[in-house]
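Here's the structure, in structure tokens; my notes come after.
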Amino acid sequence: YEEASWKGVPYTRFMLLGEIVMRQGRAKEAELIFRRVLEDLEKSLPENHPESLRAIGNLASVLRDQGRFEESNVMNRRAVEGYEKALGPDHPDTLRVANNLATVLQYQGKYDESETMCRHVLEGNSRILGTKNPDTLRITGTLATVLRHQGKYDEAEVMSRRALDGYERILGPDHPDTLRV
């Protein structure tokens, strides 16, 4: 992504390009795009602007996808703190990034902290988005995994069944999210 390709092009196009590249599994390439977008946004927008926070969250996701969990953790925390200041702790964007942080904490084996974050996000998502929302079901599944790692098998089973039942009703039995649970 040479300098000339950025001139006169709205950052939103590059943000979307980065998101597409990320979904294609090209995390290294997406990382470069998000770093450049973030650099440009931080020069032109006030601190904790939602678009800058979106770039930070996207960067955290591609770092996670590359197994760079500590860097992802730092970026996710930055995004969560920024969203809390800009939009409040119960905004769906804040909860989405907190969900991502909970997942990274799980990958790092920080199960107690991940459980706390999962419960916070689950409570917020249930209240704001509803119990049948895919984001709510996703954090329910993450919590189930964390509980299983902690040896809390009875509660893990309850959460797994709740996530599975919800996914089957909403997305169907053959959807990838349903099958992952």
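For this structure, a couple of remarks:
- Residues of the stretch 102-114 include at least one that is over 17 Å from residue 79 (Cβ atoms) and charged (D, E, K, R).
- Conditions (1) under 26 Å from residue 163 (Cβ atoms); (2) in contact (Cβ under 8 Å) with a residue 12 or more places away in the chain; (3) polar (S, T, N, Q): number failed by residue 52: (1)
- Meets criteria (assigned by TED's automatic domain parsing to the domain that holds residue 17 and modelled with pLDDT of 95 or more) for residue 77: yes
- The test for being surrounded by fewer than 22 Cβ atoms within 10 Å (Cβ to Cβ) and under 16 Å from the mean Cα position of the chain (by Cα) holds for residue 133.
- Residue satisfying condition, being in contact with a helix residue (DSSP H, G or I) (Cβ under 8 Å, 6 or more places away or on another chain), at pLDDT 95 or above and at positive phi, within set 124, 88: 88
Listed here are the residues, each with its yes/no results for (1) within 27 Å of residue 68 (Cα to Cα); (2) not β-branched (Val, Ile, Thr).
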{"position": "117", "(1), (2)": "yes, yes"}
{"position": "121", "(1), (2)": "yes, no"}
{"position": "126", "(1), (2)": "no, yes"}
{"position": "129", "(1), (2)": "no, yes"}
{"position": "140", "(1), (2)": "yes, no"}
{"position": "151", "(1), (2)": "yes, yes"}
{"position": "155", "(1), (2)": "no, yes"}
{"position": "159", "(1), (2)": "no, yes"}
{"position": "170", "(1), (2)": "no, no"}
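The values are calculated or read from the model by the stated rules, or taken from the named source; none is laboratory data. Given the structure is predicted, the values throughout are model-derived calculations rather than measurements. Note: ideal-geometry Cβ built from the backbone for every residue, glycine included; neighbour counts use all protein chains shown.
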